[in-house]
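The values are calculated or read from the model by the stated rules, or taken from the named source; none is laboratory data. What you are looking at is a predicted structure, and each value in this text was computed from that prediction instead of being measured. When we count neighbours, we look across all protein chains shown, and the Cβ atoms used for this are built from the backbone with ideal geometry, even at glycine. These accessible areas exclude ligands, DNA and RNA; they are computed on the full protein's heavy atoms, side chains included. Shrake-Rupley method; radii C 1.70, N 1.55, O 1.52, S 1.80 Å.
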Amino acid sequence: MAEAQSIEAQPVETQETVEDQDVMPNVPQWLFDPLVPEAERGRYTNDIVAALKTVSDPEIPCDIYELGLIYKVDIGDDRLVKIDMTLTAPGCPVASEIARSIEAVVGAVSGVLGVTVAVVFDPPWDQGRMSDEARVSLDMF
């Protein structure tokens, strides 16, 4: 399992945002260093999303990805991944547990050499960020 490492985000002009992703409320912004080959980007995206979907908020029976808690995934040419996420409430008692789980599961993705998770509150989370899958899971339709 890759050990969590702290990295500095690269300036925006050295990053490329995935332009062709579907615009869904829960989809984070994906940033790739231009040196990450196109062929690897899809695999990283699919594998990281699959990993994130294994992490649930223990107080809400739904995964953090479908809840829309992941705001940004930044993958550097060094294969270090920086994730910005939020919480459903600023006083969440399991925030550090969720962050550690993200570091563990994303760190286990093939090719990822380290993960840093930053908890942010801008913009604040609201139920509009949830996917349809999350709404069905939580009976919120």
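Listing for the model above:
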read-out	value
Per-residue ³J(HN,Hα) for region 129-135, Karplus 6.51 cos²θ - 1.76 cosθ + 1.60, θ = phi - 60°, Hz, x for Gly and Pro	7, 6, 6, 4, 4, 5, 4
Phi-based couplings in Hz for region 55-66 (Karplus 6.51, -1.76, 1.60; Gly and Pro marked x)	9, 10, 6, x, 8, 10, x, 7, 6, 5, 5, 5
Residues whose placed amide H lies under 5 Å from that of K72, excluding near-sequence neighbours	Q29, D84
Under Karplus coefficients 6.51, -1.76 and 1.60, residue-wise ³J(HN,Hα) of region 118-128 in Hz, glycine/proline x	10, 8, 10, 10, 10, x, x, 6, 9, 5, x
Distance (nanometres) between label positions extended 7 Å along Cα→Cβ at D78 and S56	3.6
Two-site FRET efficiency, R43 against A118, from Cβ-Cβ distance with R₀ of 25 Å, rounded to 0.05	0.55
Per residue value of the accessible surface for region 76-141 (all protein chains in place, 1.4 Å probe), Å²	49
Contour excess over end-to-end distance, with Cα ends at E97 and L35 and 0.36 nm allotted per residue	19.1 nm
Distance between modelled label sites at D139 and Q127, nm, 7 Å Cα→Cβ extension	1.4
Whole-percent carbon and sulfur share, accessible surface of region 70-141, 1.4 Å	53
